[in-house]
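First the structure, in the form of structure tokens, and then the observations on it.
The values are calculated or read from the model by the stated rules, or taken from the named source; none is laboratory data. Since this is a predicted model, take the numbers as computed values, not measurements. Cβ: placed from backbone, ideal geometry, glycine included. Neighbour counts: every protein chain shown.
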Amino acid sequence: MPGSSLTDNYLGCYVDDVTHRLLSFTSTSSASMTVELCRSQCLAAGYNYYGVEDVQYCFCGVTLSYAPSVSLLNACDHPCGGNAGQYCGGTTAINVYQIVHPVPTHEEKHHKKHKKHKKHKKHHKH
């Protein structure tokens with residue numbers, strides 16, 4: 001994953017056409033764009049994919065709009081506006097990531113189940 005410490009799946013650098021976006025739903029722009037900022041915006045909006053393009057643009061999607069055409073890696077070498085150590089795509093190329101949702105640990109599952117059982121028991125007292 002170029003220039004990021006996230007655990008999401010980096011899918012690659014793809015050609016992105018302004019008339020037919022690979023990630024077609026949400027689009028934001030920020031002079032201080034980072035991979036993490038784009039991820040947090042897309043995750044908060046309930047999307048599964050996000051991508052950064054041309055230094056400052058963030059796109060989100062539930063799925064990819066079409067089977068993407070792989071671009072040359074150096075087509076996605078523009079530094080992010082908010083973190084020059086990360087790459088935010090290129091002029092017509094987008095770095096695409098798939099959000100990895102953490103799997104709850106055994107302890108978290110057990111705690112949630114215990115809380116639910118306790119709540120259920122409380123409602124059925126005679």
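What to note about this one:
- Within the span defined as segment 110-126, every residue fails to be surrounded by 12 or more Cβ atoms within 10 Å (Cβ to Cβ), at pLDDT 75 or above, part of a helix (DSSP H, G or I) and out of contact with any helix residue (DSSP H, G or I) (no Cβ under 8 Å at 6 or more places or on another chain).
- A single member of Tyr57, Tyr49 is modelled with pLDDT of 95 or more and within 14 Å of Cys88 (Cα to Cα), and it is Tyr57.
- For segment 9-17, the count of residues that are outside any loop (DSSP other than H, G, I, E, B), in contact with a helix residue (DSSP H, G or I) (Cβ under 6 Å, 6 or more places away or on another chain), at negative phi and in contact (Cβ under 8 Å) with a residue 24 or more places away in the chain is at least one.
- Residue under evaluation Arg39, criteria (1) in a strand (DSSP E or B); (2) out of contact with any helix residue (DSSP H, G or I) (no Cβ under 9 Å at 6 or more places or on another chain), criterion not met: (1)
- Matching residues, segment 63-94, being within 17 Å of the chain's Cα centre (by Cα), modelled with pLDDT of 95 or more and assigned to a loop (DSSP other than H, G, I, E, B): Gly82, Cys88
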